[in-house]
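Reading through the structure tokens given below for one structure.
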Amino acid sequence: MSILEAIILAIVEGLTEFLPVSSTGHMIITSALMGIKDDDFTKVFEIAIQLGAILSVVVLYFKRFFKSWTFYTKLFVAFLPTAVLGLLLKDSVEALMGNVYVVASTLLAGGIFLLWVDSIFAENEKLPDAEPDYKSGLLIGFFQALAMVPGVSRSASTIVGGLIGKLNRKSAAEFSFFLAVPTMFAATAKSIWDERELLIQSSDKIHLLLIGNVVAFIVAMMAIKLFIGLLTKHGFKVFGWYRIILGSLLLILLFSGVDLAFV
């Protein structure tokens, strides 16, 4: 992986991590289009640079992260399902990584669902901004676990979980941002630890990770503000149509014999 390829992937990560369009799916697609080899370092890189993106949440919502211990316990409860299921299903999840067919299919299916989300949860917009209670936090956590399948979108699944838990769009999106912090930190730490020998042997790879995290952090700062504005004013339909178009295009290319798999 070159520095330019690392920067491009980091830009894609920063732009898509908090949008309901699947950052992992977009990185898999981008890597496939650039012909980046699906090796151990690529997998570590795609997970690790998510940490740079989610650190932007800590900066933007700094005061919220030091509000109360209740806030942290709710995050912990919501984090548990992904932590447990992630360990149990690790091999199955890794088998799906890099599969553009899976990404295309879940992008399409998720896009169709997002077209109806605003009408299904229209009454939620009459509710005031609020944090979830523990029961809703756990529900959001189980929805987050669905995003282990590439293309589902952690942002989309957790926001929908929040809506089911009686939050309005803005509150559901913000809790989704907050939940990303422990989730992505844990995923990054585990990924780096598992491949520590690979990284220790190459300072170039460590430099690529640092560059990727810095770029993802900067881009994500802008993307979060954009997303909250779009979501509050226009809802999910624009993201639903985007997913449908992208997923359909990928499936057409794949079934036409275009090789989008990793080389």
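If you check 55, 85, 4, which single one turns out to be free of Cβ contacts under 8 Å to residues at least 12 places away in the same chain, out of contact with any Leu (no Cβ under 7 Å at 6 or more places or on another chain) and either of a type in the set (Val, Ile, Thr) or part of a helix (DSSP H, G or I) (or both)?
On the way: 55 fails: free of Cβ contacts under 8 Å to residues at least 12 places away in the same chain; 85 fails: free of Cβ contacts under 8 Å to residues at least 12 places away in the same chain.
Residue meeting the stated conditions: 4.
Being part of a helix (DSSP H, G or I) and crowded, with 22+ Cβ neighbours inside 10 Å is true of residue 158.
Among the residues of the stretch 165-172, is any farther than 25 Å from residue 60 by Cβ and either part of a helix (DSSP H, G or I) or of a type outside the set (Gly, Ala, Ser) (or both)?
Kept after step one, since they are farther than 25 Å from residue 60 by Cβ, are these residues of the stretch 165-172: none.
No, the conditions are met nowhere in the stretch 165-172.
Would you point out the residue of the stretch 56-77, among those that are at pLDDT 85 or above and out of contact with any helix residue (DSSP H, G or I) (no Cβ under 8 Å at 6 or more places or on another chain), that is nearest to residue 227 (Cα to Cα)? The residue in question is 72. Considering only the stretch 122-131, state which residues are under 22 Å from the mean Cα position of the chain (by Cα) and farther than 12 Å from residue 170 by Cα. Answer for the stretch 122-131, where residues must be under 22 Å from the mean Cα position of the chain (by Cα) and farther than 12 Å from residue 170 by Cα: there is none.
Of the residues that make up the stretch 119-142, is at least one of a type in the set (Gly, Ala, Ser), in a helix (DSSP H, G or I), touching a Leu at 6+ places or on another chain (Cβ under 9 Å) and without any contact (Cβ under 8 Å) to a residue 24 or more places away in the chain?
Our first condition is that a residue be of a type in the set (Gly, Ala, Ser); within the stretch 119-142, this holds for 119, 122, 130, 136-137, 141.
Still in the running and in a helix (DSSP H, G or I): 119, 122, 136-137, 141.
This time we only want the ones that are touching a Leu at 6+ places or on another chain (Cβ under 9 Å), so: 136-137, 141.
Right, trim to without any contact (Cβ under 8 Å) to a residue 24 or more places away in the chain and you get none.
No, there is no match, as no residue in the stretch 119-142 is of a type in the set (Gly, Ala, Ser), in a helix (DSSP H, G or I), touching a Leu at 6+ places or on another chain (Cβ under 9 Å) and without any contact (Cβ under 8 Å) to a residue 24 or more places away in the chain.
A single entry from 43, 90 fulfils the requirement of being buried (at least 16 other Cβ atoms within 10 Å of the Cβ), at pLDDT below 80 and either basic (Lys, Arg) or touching a helix residue (DSSP H, G or I) at 6+ places or on another chain (Cβ under 6 Å) (or both): 43.
Can you tell me which residue is surrounded by the most Cβ atoms within 10 Å (Cβ to Cβ) among those in the stretch 176-201 that are among the β-branched types (Val, Ile, Thr) and within 18 Å of residue 77 (Cβ to Cβ)? I'd like the intermediate steps shown before the answer.
In the first step, residues of the stretch 176-201 are kept if they are among the β-branched types (Val, Ile, Thr); the result is 181, 183, 188, 192, 200.
In the following step, the residues that additionally are within 18 Å of residue 77 (Cβ to Cβ) were identified as 181, 183.
On the way: 181: 18, 183: 24.
Residue satisfying both the conditions and the ranking: 183.
Condition test on residue 105, is it under 24 Å from residue 80 (Cα atoms), in a helix (DSSP H, G or I), polar (S, T, N, Q) and touching a residue at least 24 places away in the same chain (Cβ under 8 Å)? Taking the combined requirement at face value, the residue does not satisfy it.
The values are calculated or read from the model by the stated rules, or taken from the named source; none is laboratory data. Nothing here was measured: the structure is a model prediction, and the numbers come from that model. When we count neighbours, we look across all protein chains shown, and the Cβ atoms used for this are built from the backbone with ideal geometry, even at glycine.
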